[in-house]
Every structure is written in C-alpha cells, then in structure tokens.
1. Residues that are small (G, A, S), at least 3 per element: which helices (runs of 4 or more DSSP H) completely within the range 1-60 meet that?
2. Quick one: how many residues across the range 72-105 are at pLDDT 85 or above and of a type in the set (G, A, S)?
3. Restricting to the range 24-49, what's the tally of residues that are modelled with pLDDT under 85 and among the hydrophobic types (A, V, I, L, M, F, W, C)?
4. So is K151 part of a loop (DSSP other than H, G, I, E, B) and within 18 Å of R91 (Cβ to Cβ) or not?
5. Only one residue in F156, F117 is part of a strand (DSSP E or B), within 25 Å of S76 (Cα to Cα) and without any contact (Cβ under 8 Å) to a residue 60 or more places away in the chain, so which one is that?
6. Quick one: would you say R147 is without any contact (Cβ under 8 Å) to a residue 60 or more places away in the chain, outside the structural domain of K165 (by TED's automatic domain parsing) and either touching a Ser or Thr at 6+ places or on another chain (Cβ under 7 Å) or of a type outside the set (V, I, T) (or both)?
Amino acid sequence: MEHSAIADNLRNIRESRNFSLDRLSQVTGVSKSMLRQIETGKSSPTIATIWKIANGLKVSFTNLLRKPAVRAEVRSFTENAPLTAEHNHYRVYPLIPFEPEQSYEIYYIEIDPDTAFSGEPHAGEVYEYIFVVKGVFGITVKGKTFRVKEKEFLQFRADCVHEYKCISKKTAAAIMQITYLQ
C-alpha cells in the first residue's frame, strides 16, 4: 500500500470538508491519534481501518489508496489527430477521455461553414454542453434550433437526435462536454 497516498488523500478530504481531526474521528470511529499518525505518514493503517475511514467519509476504498495525479501540462486542443465526419468538414479532437472515476468527457470540435452533423441519441441520462469559442452554431434539439454564438453555450439532455451546423461564414469551434448522470 502507498502510505503517502493514503496520508495525502485523507488530509485533502478532511480539509475539503473543513473537518477537524476530532470531527473526522467522530464520523469514522478511528481515534484522533491514529488519524494524525496516518495523515503524517507515521502509521501504516490496516485494511479494516481504511474501510472504517472510507465508510465514515462515504468515499470509495480506492479513493483513499489512489495516488493523485499531480502532473500539470499545457497542451493544444488540436495536437492529436481528429475524428472526422462529413468529408472532414466536422472534426472532433478528444481532450479529456471518459474514465469510470469521472462522469464526463470533453472534446474540442470544429465545423466548417454550411456543414451539418447529426448526433445519435445517447442512452441513459446524458447531458451535452456546447461552449462556443469561435463562430456561430445552429444546434437543433427535438426539432428546435438554437443559435449559439461565441462566448455562449447550450446545455441539453442528449437522449434524442441532435444536429450541429456551422451557420457562420468561417469555421466554428466549440468545447463539448458530455456528462453522464447515474
């Protein structure tokens, strides 16, 4: 087990909830002194203790064990090859892929003038958010077309056919977030 990950995760969760060690001890049933030793990396908690902490905080067991990502990097929206449709006039660049630990994925999309792309309905309770960064989109949802221009966004439940169209004279671009609710 990675003791520094447990220490960091426990401290971060406690601080994000504005819990004192006393309060953390109350909700987890683990002594204040043991929690202090875990947070400072001076104690190696048993699996039973980790379960008590996870249950008390109502977080997953792996939330306490996982080493948090600490890397930071600047990347270009278009550094990877796009997924294309409509004879390459509709381009989708994956930015943040879906992972089971998170409930969303993010894409950068570009669509050339007079191009339309029809998206299939998503299964389940799924929402799309389109943040327009350049140009003007015509987005049709359930037969209603919304005109969304630069610095505006549209949110909609994506359980129906939806269409994106560039209605500006130059290529339009947007950030698309797809969120999956459970």
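The values are calculated or read from the model by the stated rules, or taken from the named source; none is laboratory data. Computed from a predicted structure; not experimentally measured. Cβ sites come from the backbone with ideal geometry, for glycine too, and all protein chains shown count toward neighbours.
1. Ranges flagged: 3-16, 47-57.
2. Residues in the range 72-105 being at pLDDT 85 or above and of a type in the set (G, A, S): 3 in total.
3. Residues meeting the conditions: 2.
4. So K151 fails the test.
5. Among F156, F117, only F117 is part of a strand (DSSP E or B), within 25 Å of S76 (Cα to Cα) and without any contact (Cβ under 8 Å) to a residue 60 or more places away in the chain.
6. No, not satisfied.
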